[in-house]
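Please treat every number below as a calculation from the coordinates, not as lab data. Everything numeric here is computed off the predicted structure, so don't read it as measured data. We place every Cβ from the backbone using ideal geometry, glycine too, and count neighbours over all the protein chains shown.
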Amino acid sequence: MTQVPLAERLRPRSLDDYSGLDALDSHLVQQLRSGKGRIPSLILWGPPGSGKTTLAKLIGAAFECEFVELSAVLAGVKDVREVVEHAKGAVKPTLLFVDEIHRFNKAQQDAFLPHVEAGVIALVGATTENPSFYLTGALLSRCRTVVLPALASEALLKIVERAERECGVSLSEQARSHLIEACAGDGRRLLNVLEAFVDSSDGPKQHASTLIDQKAMLEFLSRLNIAVYDRDGEEHYNIGSAFIKSMRGSDPDAALYYGFRMLAGGEDPRFLIRRMVIFASEDIGNADPRALQLAVSTLQAFELVGLPEGRIPIAQCITYLATAPKSNRSYVAMHKAIDAVQAYPAAPVPLHLRNAPTTLMKNLGYSKGYRYAHDEQHGFAAGVRYLPDQIKTEAFYEPSERGAEKTIKERLAWLRELGKAS
């Protein structure tokens, strides 16, 4: 006989039992409670275990309708057509729930459009991925997007307490806290982990007391090696963004946390190091030129020693970049130069800067009047203009007053004054 998983046994059967109801729009909640009117077509977007499937089933139960469930992992357009054909002859309206709807390609998503628009079916799709990136604009225009956040600690605590009663166990307050923290807003994961703990050698059968303490739970969780990170999904970009912004904000502790959270979640360390190489130039630049050297050296060090020792130079690089003086002036100057290239893609090089390898070119004025900087006072040919005549900008590069770039700014200002005075 197949045993029903704990997560399924405890799935809420009414809106009153649904965790996360407060995050929904009050008008939608009112419509679901009444069960009247046209069934809304929705895209439910949220992280794993946030209650998307449960909400879809509660919507189906709230209205007098036929509830049909498909998974985009297994289903295709043929399955959708069969549902539509049945819906056309059905007495009750049909609610089609498609889990992992982002896995349908554009053509498959387009198959829903005429039937949703004509009211043949109401569509509820669930996705863990950002709908803006994975679903077509046409489908989004016909459905309302509902964002379901990760479950709050208070909601997870209620789920744990229900699960304890169901399993006949009792966790200490500290054990509950560690379990909730480890599952990071994922209600299904919490129930699966608790069920696995109850059935494990660490579970309540091994304790004289029915109270499960902090030590037993921590030992079990440590073996699971839980890391909340999705290498291919929304969290990849969220945590990667937090990593960069923590270094830019000069917070080494947060940068270490996000960096090693990515590594714990299975991210390729080279991805992390490549981001640091870019950061060293984009966000630190000439404020500390050694930052780029260290980032490149970190890549070399990692390739030399691999994991786990390779984490040590990665940590060193993260803390150095986070605490280094910051300047994006080289990066800004790059974009100004690119804009000038786009505005003046064929501006003639001044004659004095051109080589003159032939007599004809010399006669045309190539290289005439060129001043060799090394022969000039201070190694600087004051008054010489190097940009094409059409480009009237004062400067692309304006150094900051942070770190080593302060010295560069002072020297560049001095050189520019020499140029103006000549």
- [ ] Please order Lys368, Lys78 by the number of other Cβ within 10 Å, starting at the fewest.
- [x] Lys78, Lys368
Task: For Leu171, residues with placed amide H under 5 Å, excluding near neighbours - done: Ile212
TODO: Take Asp268, project a point 7 Å from its Cα along the Cβ direction, then tell me which residues of segment 294-338 have their backbone nitrogen under 16 Å from it.
DONE: 299-300, 302-304, 306-307
TODO: Express in nm, to one decimal, how much length is gained between Ser141 and Glu85 on full extension, taking 0.36 nm for each residue of separation and deducting their alpha carbon distance.
DONE: 17.8 nm
- [ ] Divide, for the chain, the radius of gyration over alpha carbons by 2.2 N^0.38 Å, where N is the residue count.
- [x] 1.43
Open item on the list: Just to confirm the number: angle between the C-alpha axis of helix 77-89 and the first principal axis of the chain, 0 to 90 degrees, nearest 10?
Closed with: 50 degrees
Task: Shape of segment 20-147, Cα gyration tensor, a/c cut at 1.5 - done: oblate
- [ ] Would you grab the residues whose amide H sits under 5 Å from the one on Gly125? Only those 5+ places off in sequence or on another chain, please, with H modelled 1.01 Å from N.
- [x] Leu42, Ile43, Leu44, Val98
Open item on the list: Could you give the length gained by full extension between Thr323 and Ser71, i.e. 0.36 nm per residue of separation minus their alpha carbon distance, to one decimal place?
Closed with: 86.0 nm
Task: Sparse-neighbourhood loop sites, trypsin sites (Lys or Arg not before Pro) in segment 267-334 - DSSP loop, at most 10 other Cβ within 10 angstrom - done: none
- [ ] Mind running the shape call on segment 234-323? Use the C-alpha gyration tensor, a ≥ b ≥ c as the square roots of the eigenvalues: rounded below 1.5 for a/c, prolate if a/b tops b/c, oblate otherwise.
- [x] oblate
Open item on the list: Taking the Cα of Lys106, stepping 7 Å toward and past its beta carbon, and measuring to each backbone N in segment 120-161: which are under 19 Å?
Closed with: 130-143
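Multiplying the sequence separation of Asp199 and Met361 by 0.36 nm and subtracting their Cα-Cα distance, what value in nm do you get?
49.6 nm is the gain from fully extending Asp199 to Met361.
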TODO: Consider a paramagnetic label point 7 Å from the Cα of Ala315 along Cα→Cβ; state which residues of segment 288-303 have an amide N under 16 Å from it.
DONE: 302
TODO: Rounded to whole Hz and in sequence order, give me ³J(HN,Hα) for segment 93-110 from the Karplus expression 6.51 cos²θ - 1.76 cosθ + 1.60, θ = phi - 60°, writing x for Gly and Pro.
DONE: x, 10, 9, 9, 9, 10, 7, 6, 4, 5, 6, 6, 7, 4, 5, 5, 5, 5
